[in-house]
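Take a look at the structure below.
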Amino acid sequence: SQKIEQNSEALNIQEGKTATLTCNYTNYSPAYLQWYRQDPGRGPVFLLLIRENEKEKRKERLKVTFDTTLKQSLFHITASQPADSATYLCALAGSGNTGKLIFGQGTTLQVKP
Amino acid sequence: GAVVSQHPSWVICKSGTSVKIECRSLDFQATTMFWYRQFPKQSLMLMATSNEGSKATYEQGVEKDKFLINHASLTLSTLTVTSAHPEDSSFYICSPTGTRGETQYFGPGTRLLVL
């Protein structure tokens, strides 16, 4: 069955360091992958989308890589700040442009000042 | 980004009552609406997909007679939890999508607690 795995353990890092979150998937060939931020008691907020034919995408301090051979995406936040503390979700979409997403369980990031 | 609202933001109800949750896309036309729910410490799980003016398509394991979805206009969709039970307590989130089909916008969520 299709499976998406994100590190369920919280990631604690010091302010200014780079945070790297991992998303692995199996039995799936997504047309694109997205990363979202979710704060407690709130809906997800879209951050980045990367397509199956793209290797890397950047937006300000964020960088996403997508390796379809390894079936893995890495999400990096450089120069992290306490305000970056949140849960980060990866979501995969299938082909056919249906818009349906399958979410990972999320990784909670805690940036300490 | 798109503005999506949900109402109410939280609701507490007695077991056996029905609860209606509204989702509005305020600045674009949502041809498709996705409804998700999220239990504590778990991932978002897709419940159903609805296209404006059509019946919703439900994911496996989701009872269509219990979770009634109406998508009568391009800016409004409602999810009604009928005869709610404590196990229906969850965080319900809508996600309206335009014609491009790449879901990017989510509502702020509705916290439902059934006593």
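Observations on the model:
- Flag for A:Arg58 being without any contact (Cβ under 8 Å) to a residue 12 or more places away in the chain and at negative phi: yes
- Among the strands (runs of 3 or more DSSP E) confined to region A:56-103, the ones with at least 1 residues that are within 12 Å of another protein chain (Cβ to nearest Cβ) and either under 17 Å from B:Tyr36 (Cα atoms) or not basic (Lys, Arg) (or both) are located at A:86-93, A:101-103.
- Taken over region A:79-98, the residue count meeting the criterion of being touching a strand residue (DSSP E or B) at 6+ places or on another chain (Cβ under 7 Å) and within 17 Å of A:Leu48 (Cβ to Cβ) is 10.
- Residue that is surrounded by the fewest Cβ atoms within 10 Å (Cβ to Cβ) [pool: residues in region A:1-48 that are more than 10 Å from chain B (Cβ to nearest Cβ) and of a type in the set (Gly, Ala, Ser)]: A:Ser1
- Restricted to strands (runs of 3 or more DSSP E) entirely inside region B:5-115, those with at least 3 residues that are more than 13 Å from chain A (Cβ to nearest Cβ) and either under 13 Å from the mean Cα position of the chain (by Cα) or among the polar types (S, T, N, Q) (or both) are B:19-25, B:67-70, B:76-81.
- Failed item, numbered, when A:Ser73 is tested on (1) at pLDDT 95 or above; (2) closer than 25 Å to B:Thr31 by Cα; (3) of a type outside the set (Val, Ile, Thr): (2)
The values are calculated or read from the model by the stated rules, or taken from the named source; none is laboratory data. For clarity, every value in this text was computed on a predicted model and none was experimentally measured. Glycine also receives a Cβ, built like all others from the backbone with ideal geometry; neighbour counts cover every protein chain displayed.
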